[in-house]
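Structure first, then comments.
Bear in mind these aren't lab numbers, they're just calculated from the coordinates by the rules spelled out. As the structure is a computational prediction, the values presented were derived from the model and not from experiment. As a convention, Cβ positions derive from the backbone with ideal geometry for all residues, glycine included, and neighbour counts pool all protein chains shown.
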Amino acid sequence: MIRYVGAYLLTAVVFFVIDLLWLGVVARGLYQQYLGPLLADEVDWAAAVVFYLLFIVGIFVFAIVPAVKRASAGHALLMGALFGFFTYATYELTNLATMAGWPLGIVFIDIAWGSVLTGSVAVSGYHILRRLTPAPTPKSSPPPT
């Protein structure tokens, strides 16, 4: 259990660093341009942290743990990217359907970003959990008779 908590915490750091670089540096101007009037003056950090913590649980449940069981980083990447695709698509398409003036360009950008981000984090989490999981001890076979 401790290895899962450790892997979760390290994976959370990876997620925070990558996503905060995206939001704060790479795409900051993009979001200001398209969503400026809709953006809050101050980030609600409590809500953001709760989202991140829950989302990372989802990455573990749907991508990282199944990939470790299969011993497949490719599975982590695929399932993480799909998890990111579907969750970000849900958010973006709901906004497009319900909010006046939600920009279509942001929908495509965010869905692509969610897929890349979540796939990358899932692969990172896969490798972190694998490093923290002791290798299985080989079972000794009975001596030949």
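Worth pointing out:
- Averaging the sequence gap over all C-alpha pairs within less than 8 Å and six or more residues apart, then dividing by the number of residues, gives the chain a relative contact order of 33 percent.
- Other residues within the sphere of radius under 12 Å centred on the Cβ of residue 3, judged by their own Cβ, net out at +2 (K and R +1, D and E -1).
- Of the DSSP H helices in the chain, those with a Cα length along their own long axis of 20 Å or more and a mean Kyte-Doolittle hydropathy reaching 1.0 comprise 2-21, 45-59, 104-132.
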